[in-house]
């Protein structure tokens, strides 16, 4: 493909980077990146990827915009409360960059649908808010040999790892979902919006580096930060030979819904 | 015993000869071992070995915590762990 004059101007600040260039910009425009969850992590990731000209951006989310989302889910505005998140996201991103194609899925990922959805994409970003989905995305990406970025946040903390086929996966670190009894009510937790912004932006940069085949990915590493105490750490990790999904003798060879059940807590029910 | 926990040097007061990961979790106020993954000198430990794995001088230990997403669905145990860390 040949870049148009408009495209050259729009993306000029990154095209002049050696690591991008005209060829890299073409790669970005032809790329297919899936963002699972149009929330706190998905918002900044989608914003920057759309701005950078990631040409085919898939967004999957089955929720509607809630007033309490707006503190961190910056794809959505006050007028969007009550709308499907994917519709609000698509409108926001198309306004920012009409040059790209936004593909939306107004649903949640589950053991039945995830493999066929991710098969359409080059790189996947986990921007979900629950452990069931996080483990499901990990297993689906490992089993389908798809590179992906895991992200988790809480209060002032965030952590992220990138998995590509053969590198350590989320289950290498966390073998199973946290026990049901250990999950308290939502009202006890919380998160600062900037924490989501910081982490989602990192996840977008991983996707871009993967597509551009440049730099070093956050593979076999865990990046952890604590914004409150200004702590940033990069921890080297190794693939776990005993990992139930990517280990030498894996016990998980297909996706079954029962393996990803996690109690869902709804703030509204607790008011 | 001098060890490194999450990148910080700590001098642990050891009250028994063989000090296991479970003992360490207790000292660090981690009530539920299920809520944390432990890396010892670069290798993630299987949960079932927390009791039979002993730490020694100079070990590098990392506690890795579960983190969810933007909704903040996360166990309260985490804050307790952090508070305990900060108070030491």
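Values in this text are rule-based calculations from the coordinates and carry no lab data. Because the structure is a prediction, the values reported are computed rather than measured. Using ideal geometry, Cβ is built from the backbone for each residue, glycine included, and neighbour counts are taken over all protein chains shown.
Of the residues B:25, A:93, A:234, A:75, the one with the fewest other Cβ atoms within 10 Å heads the list, and the complete ranking is A:234, B:25, A:93, A:75.
In terms of its Cα atoms, the range B:1-48 spans 24, 20, 18 Å along the principal axes, sorted from long to short. Size descriptors for the protein assembly as shown, from the alpha-carbon set: Rg then Dmax equal 20.8, 73 Å. Counting neighbouring Cβ atoms within 10 Å and putting the fewest first, the residues A:169, A:246 line up as A:246, A:169. Stokes-Einstein D for the range A:42-109 at 25 °C, 0.890 mPa s, Kirkwood Rh over Cα pairs, in µm²/s? Roughly 208 µm²/s, to the nearest whole number.
Nearest 500 deg cm²/dmol is fine: what mean residue ellipticity at 222 nm does the protein assembly as shown get from its DSSP H runs of n ≥ 4 alone, each adding -39,500 (n - 2.57), divided by its residue count?
Values: 11 runs with 102 residues, N = 359.
One gets -8000 deg cm²/dmol as the mean residue ellipticity at 222 nm.
Taking the Cα atoms of the range A:1-152, the ratio Rg/Rh between the radius of gyration and the Kirkwood radius comes to 0.98.
Springs join every pair of Cα atoms under 10 Å in this Gaussian network model of chain A, and among A:193, A:53, A:21 the largest mean-square fluctuation is at A:21.
If you wrap a convex hull around the C-alpha atoms of the range A:81-236 and split its volume per residue, what is the figure in Å³? Could you put the intermediate results ahead of the total?
Values: hull volume 23.7 nm³, N = 156.
So the per-residue Cα hull volume is 152 Å³.
As a test, work out the antiparallel percent of DSSP beta bridges whose residues both lie in the protein assembly as shown, rounded to the nearest 5. Walk me through the intermediate numbers first.
Values: 30 of 50 bridges.
Of those bridges, close to 60 percent are antiparallel.
Among A:1, B:35, B:67, a tally of other beta-carbon atoms within 10 Å of each Cβ gives an order, fewest to most, of A:1, B:35, B:67.
Largest GNM mean-square fluctuation among A:124, A:16, A:114, using chain A with Cα springs under 10 Å: A:16. Restricting attention to the range A:1-108, close to 10% of DSSP beta bridges with both partner residues there are antiparallel.
Among A:250, A:179, A:98, which one moves the most in a GNM of chain A with springs linking Cα atoms closer than 10 Å? Taking springs between Cα atoms under 10 Å, the residue moving most is A:179.
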